[in-house]
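To keep things clear, I will list the structure first and then write my remarks on it.
The values are calculated or read from the model by the stated rules, or taken from the named source; none is laboratory data. Computed from a prediction, not measured in an experiment: that's the story for all the values here. Note: ideal-geometry Cβ built from the backbone for every residue, glycine included; neighbour counts use all protein chains shown. When the accessible area is computed, the model is the full protein with side chains, heavy atoms only, and any ligands, DNA or RNA have been set aside. Shrake-Rupley method; radii C 1.70, N 1.55, O 1.52, S 1.80 Å.
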Amino acid sequence: MTTERGAPILELRNVSTHYGLVAVLRDVDMDIYAGEMVCLLGGNASGKTTTLKTILGYVTPSEGDVVLDGNVVSGMSTAEVVRRGVSMVPENRRLFPDMTVEENLRLGAYLRRDRSAIEAARETVFETFPRVRERLKQKAGTLSGGEQQMVAMGRALMADPKVLLMDEPSMGLAPILVEQVFEIIKKIRELGKTVFIVEQNANMALSIADRGYVIQTGQVVLADTAQNLLQNPLMREAYLGEL
Amino acid sequence: MAARRWVRTGAFAGIVTIFLALVGLIGGFTDVFLIGDEVTFAGLMLLLPAFVAGFVAAAPRIEGGERREMSLGEAAVAAAVAAASAGFVFALAVLFTDLIGDERIRPIFLNVSPSLMEFVAFGQSTVVGAVILVALSTMAGVLGGVLRAAPPVIRRPVTAAVVVTVLFGFLQRVIPIALDQLSLERDWLYHPIHDGLTWVGAAVVAAISAGISLLNTRFGARVRGSLSSSIGGRSGLAMSPVRLIASVAAVALLIAAPLLLGSVISEVLGTVMVFALLGIGLNIVVGYAGLLDLGYVFFFALGAYSLALLTGATLNVYGVPPDPAISGDLNFYIAIPIVMLIAAAAGLLVGAPVLRLRGDYLALVTLGLGEMVTVLVGSPWLVPLVGGPSGMRGITDAAIGGFAFRDPQRFYYLALAFVALAAFLSWRLATSRIGRAWTAMREDEQTADAMGISTTRFKLLAFAIGGAIGSLGGALFAVKIGSLTPASFQVIVSIQVLGLVILGGLGSIPGVLVGALVLVGLPGLLREFEEYRFLAYGAAVVAVMVLRPQGLVPNVRRSRELQEEERAQDEWAKAVEEGETPGELGPPAEVTT
Ligand SMILES: Nc1ncnc2c1ncn2[C@@H]1O[C@H](COP(=O)(O)OP(=O)(O)O)[C@@H](O)[C@H]1O
Ligand SMILES: [Mg+2]
């Protein structure tokens, strides 16, 4: 399916991940190319979060490699992987609730030293989410769910990552906010970011992504363009729920 | 429904009073006067639980998700019910004791003394005494309740007046010495016979503290506002004028204290400074990095013993220095950096195995590590190194060209200098990138990782720096005492230091000083209370956790929230004064996070 576009920016090569003796990911292969938006779909406990945690170095794969920009990063510490250009918008947003929005954003750029670049990243965040600018001095824990999601994404963007990981950004949000969040993700995509997004809301995710993977109990069962996945009868039955 | 809750609160307070009586805090203190010849410490202990019960019973309730303040009338009723119950429970206990005879209870509870029985009967028959007891408790409780329900413009000055006056009463051995030293008249303030405050003195102290508090409540926010906006809104500088003045006065007092208070009190203050150092160190580990370390005595002992070894101390058993291969004869000021380096390395060593542990597990393992030190320094096997149970002596007096620092007043200044240094370092750390990383890590370790913060490194760094500062405390302690025995390095040291850090406010450097003064200084200054020291610790820490979880002097992050809180309260208070109805708002919730 993939057209010719050089080496992928992020690759999972035959990755298996265990928690103790339990295999949570089995022989997972994925490629993400620069500028793409790829989604990872799957039901509860299928291993979506674990995939992201494996990429970010929270867990080390028991087999296989995570390759970022041609370098194997599996086995490295999370801080090192982040330093090499991966940022995550965690499941449930996970802002630092007692810090202000401003402090949360600043932490997103923790590894960056170049003040003018940080300032530029802030401006980008404000342009993308004007609401965030208004809330700078507010404690993150007191924001609404939608606002928190914007700050979480802004915080991840502050690192100017090569690859942006998002773990179920629509989780726990009212339907109207879900729409908003996907609007935001579209904006991020317009910034030219490479985005790898984990979702349970397959319809929404496929409507904005280029390609998608579907995993079931830790194994990739489908990999195709978003367009094809939307048409796929198996998908329609299992995930799209014929909405 | 509500009445049952009030009674329950009161009954609990009554049981607390019984407890205080049984441990001797009432009967043993009938002649410790706080004010005049009427208010004794025993009386305070007798009525304080009822007062607190009233205060608690009148607290606002959350009903159906709404916060509901009590009106003054409601508060008085609630408090009266609670406090009367407290008095009733205690009176029952007194009557019961009298019925079966206090001499039959005394073999079990030594403190049920005749003087206690006489005191709680107010010199009357037991039954009359019981009635008076209930009546007085009720009054104390109503005061507490009304105070709780009163608007901040009243509540804050009154609270300040009461707390400061009682504190002055407690400082009856300290302040008069200073007044004498300054050749000031003291008899108007402190009673020449009873030692406590005179009524005139108490009134003056109360009036002044209430006045200051009132000024702060009314104008504090405004001045603070203009101050902070003119300095560019930096939260660290946005102090109320009272705070600013208080800080300057505190620093002046810290510098002048030994000269004003003489040798005996300076001795206690020297210990306070050693504990302040330990507190500043542990505060980095617990307050900044959020790692609960119950084995901090490890660094205290390490500092003390390695200083002893490096500066040519002798073993008590043999009267000679340990093997030259492991000891030296260095100058104190050369030894100190080495001691700190050793401790920092030890911090890394201790930190590494416990990195993956969190919360309770970390606490338990560090507790064990601390205990190992106690056992090790006292073990027969280390006699040739650190003297075993009989310890070491002849530790350096840190002299600079013949000017020795063992004298309590001089030692205080030496310790103060190190405290100032450590405080400065700690403050710089807190406001640096490292401090930000610690804060993030403390609030959410996993997310901090995702920001690229290497939590492993920052944990180790906290252990190393905290350990180095702790060892400095140990080294100074060794200089102060001049000799070392394992008895000084028990687990209780870890607990004391943690207690003072929590009491002062996690993450707050001034809080550490205040905590050390309250927990180490006060008991040291009031010798009668020596044996109740740990009881007071426990009570103080529990009280702070319940009533003021952010600590006595909270750190900036938390006090920022508090200031917003105050501003809201100030606005509310102003609205009340100007005769506007503040609407549904009422004074906002006390910050309890
Ligand atoms: N830290 C862990 N230890 C053990 N098992 C885990 C851990 N985290 C997740 N799991 C298990 O791994 C499986 C996949 O989890 P996860 O990746 O979080 O699923 P998803 O994000 O798709 O809902 C689940 O069965 C879950 O119980
Ligand atoms: Mg998940």
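From the protein chains alone at 1.4 Å, what is the descending order of accessible area for B:Ser183, B:Ser488, largest first? Present the calculation step by step, with values, prior to reporting the outcome.
On the way: B:Ser183 100, B:Ser488 35 Å².
The ranking, largest first, comes out as B:Ser183, B:Ser488.
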Query raised in the report: Where q = 0.05, 0.10 Å⁻¹, what log10 of I(q)/I(0) comes from the Debye formula for the protein assembly as shown, counting one point per Cα?
Result: -0.37, -1.19
Query raised in the report: Using only helices, what value at 222 nm comes out for chain A when you add -39,500 (n - 2.57) per DSSP H run of length 4 or more and divide by the total residues, to the nearest 500 deg cm²/dmol?
Result: -10500 deg cm²/dmol
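With the cut-off at 1.5 for a/c, could you classify chain B from its C-alpha gyration tensor as rounded, prolate or oblate? Don't jump to the answer; show the numbers that get you there.
Details: a/c = 1.73, a/b = 1.36, b/c = 1.27.
Because a/c hits 1.5 or more and a/b exceeds b/c, chain B counts as prolate.
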Report task. Please give the average number of partner chain Cβ atoms lying within 10 Å of the Cβ of each residue in B:438-449, rounded to a whole number. Result -> 5
Requested in this report: Please name the residues of the stretch A:33-62 whose accessible area, counted over protein heavy atoms with a 1.4 angstrom probe, falls by no less than 50 Å² between the chain alone and the full protein assembly.
Outcome: A:Tyr58
Query raised in the report: Between the stretch B:67-130 and the stretch B:364-423, what is the C-alpha centre distance in whole Å?
Result: 47 Å
Query - Signed unit charges on C-beta, dipole axis of the protein assembly as shown, positive-most listed residue B:Ala308, A:Val24, A:Thr100 - result: B:Ala308
Query raised in the report: Using alpha-carbon positions, what is the distance between the centroids of the stretch A:134-148 and the stretch A:51-103, in Å?
Result: 24 Å
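Given only helices, namely DSSP H runs of n ≥ 4 each adding -39500 (n - 2.57), what is the per-residue ellipticity at 222 nm of chain B, to the nearest 500 deg cm²/dmol?
On the way: 23 runs with 393 residues, N = 593.
Using -39500 (n - 2.57) per qualifying helix, the result is -22000 deg cm²/dmol.
If you place +1 on the Cβ of every Lys and Arg and -1 on the Cβ of every Asp and Glu, how big does the dipole about the Cα centre of the protein assembly as shown come out, in debye to the nearest 20?
900 debye
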Report summary line: Computed ³J(HN,Hα) along the stretch B:264-275: with the Karplus parameters 6.51/-1.76/1.60, θ = phi - 60°, integer Hz and x for glycine or proline, the list is 4, 6, 4, 4, 4, 5, x, 5, 4, 5, 4, 5
Query - Cα gyration tensor shape for the stretch B:2-222, rounded if a/c is under 1.5, else prolate or oblate - result: oblate
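Taking 8 Å as the Cα distance limit and 6 or more residues as the minimum spacing, I'd like the relative contact order of the stretch B:2-222 as a percentage. Write out the running numbers ahead of the final one.
On the way: 374 pairs, mean separation 56.1, N = 221.
Worked out over the stretch B:2-222, it gives 25 percent.
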Query raised in the report: What percent do you get for the relative contact order of the stretch A:88-160 when only Cα pairs under 8 Å and 6+ apart count?
Result: 54 percent
Query raised in the report: Which of rounded, prolate, oblate describes the stretch B:242-303, given a ≥ b ≥ c as roots of the alpha-carbon gyration tensor eigenvalues and a/c under 1.5 marking rounded, otherwise prolate only if a/b is larger than b/c?
Result: oblate
Query raised in the report: Taking chain A as a Gaussian network, Cα atoms linked when under 10 Å apart, which of A:Val86, A:Val214, A:Val22 shows the biggest mean-square fluctuation?
Result: A:Val22
Query raised in the report: Any number yet on Rg/Rh for the stretch A:1-72, C-alpha, Kirkwood?
Result: 0.98
Report summary line: With bins of 10 Å, the percent of all Cα-Cα pairs of the stretch A:1-133 per bin from 0 is 10, 34, 34, 19, 2
Report task. Taking H placed 1.01 Å from N in the peptide plane, check which residues at least 5 places from A:Thr100 or on another chain put their amide H under 5 Å from its amide H. Result -> A:Ala140
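Summed for both chains, how many Å² of accessible area, to the nearest 100, are buried between B and A with a 1.4 Å probe?
Working: alone 27780 and 11630 Å², together 37330 Å².
Looking at B and A, the buried total is near 2100 Å².
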Report task. Work out from phi, with θ = phi - 60° and the Karplus expression 6.51 cos²θ - 1.76 cosθ + 1.60, the ³J(HN,Hα) of each residue of the stretch B:121-130, listed in order in whole Hz, and give x for Gly and Pro. Result -> 8, 6, x, 9, 5, 4, 5, 4, x, 4
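Starting from the stretch A:136-243, pick out the trypsin sites (Lys or Arg not before Pro) whose DSSP state is loop and whose Cβ has at most 14 other Cβ atoms within 10 Å. Don't jump to the answer; show the numbers that get you there.
Numbers: sites: A:Lys137, A:Lys139, A:Arg155, A:Lys162, A:Lys186, A:Lys187, A:Arg189, A:Lys193, A:Arg211, A:Arg236; in loops: A:Lys137, A:Lys162, A:Lys193.
Sites meeting the loop and neighbour criteria: A:Lys137.
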Report task. Mind listing the long-range amide H neighbours of A:Tyr213? Cut-off is under 5 Å, sequence gap 5 or more, other chains count too, H placed in the peptide plane at 1.01 Å from N. Result -> A:Cys39, A:Leu40, A:Leu41
Query raised in the report: What does the charge dipole of the stretch B:260-489 about its Cα centre add up to, to the nearest 20 debye, if the Cβ of each Lys and Arg holds +1 and the Cβ of each Asp and Glu holds -1?
Result: 340 debye
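Rounded to the nearest 20 Debye, what is the dipole magnitude of chain B about its Cα centre when Lys and Arg each give +1 and Asp and Glu each give -1 at the C-beta? Intermediate values should be presented prior to the final figure.
Values: 38 positive and 41 negative charges, 267 e Å.
Once rounded to the nearest 20, the dipole reads 1280 debye.
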Report task. Using only Cα atoms, locate the centre of the stretch B:325-346 and the centre of the stretch B:23-56, then give the distance between them in Å, rounded to an integer. Result -> 49 Å
Report summary line: Relative contact order of chain B (C-alpha contacts under 8 Å, at least 6 apart) in percent is 15 percent
Query raised in the report: How many percent of the accessible area of the protein assembly as shown is carbon or sulfur, using a 1.4 Å probe?
Result: 64 percent
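Kindly work out what percent of the DSSP beta bridges joining two residues of chain A are antiparallel, to the nearest 5. Write out the running numbers ahead of the final one.
Working: 21 of 39 bridges.
The answer is about 55 percent antiparallel.
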Report summary line: The alpha-carbon pair-distance distribution computed for the stretch A:88-160, with 10 angstrom bins and whole-percent values, is 23, 59, 18, 0
**Report entry** Sequence-distant residues sharing a close amide H with A:Gln219 (under 5 Å, placed H)
**Finding:** A:Arg26
Query raised in the report: When the C-alpha atoms of the stretch B:376-522 are aligned to their principal axes, what extent does each axis show, in angstrom, from largest down?
Result: 52, 37, 32
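Quick one: Cα convex hull volume of the stretch B:248-347, Å³ per residue? Walk me through the numbers before you get to the answer.
Working: hull volume 15.6 nm³, N = 100.
Hull volume normalised by residue count: 156 Å³.
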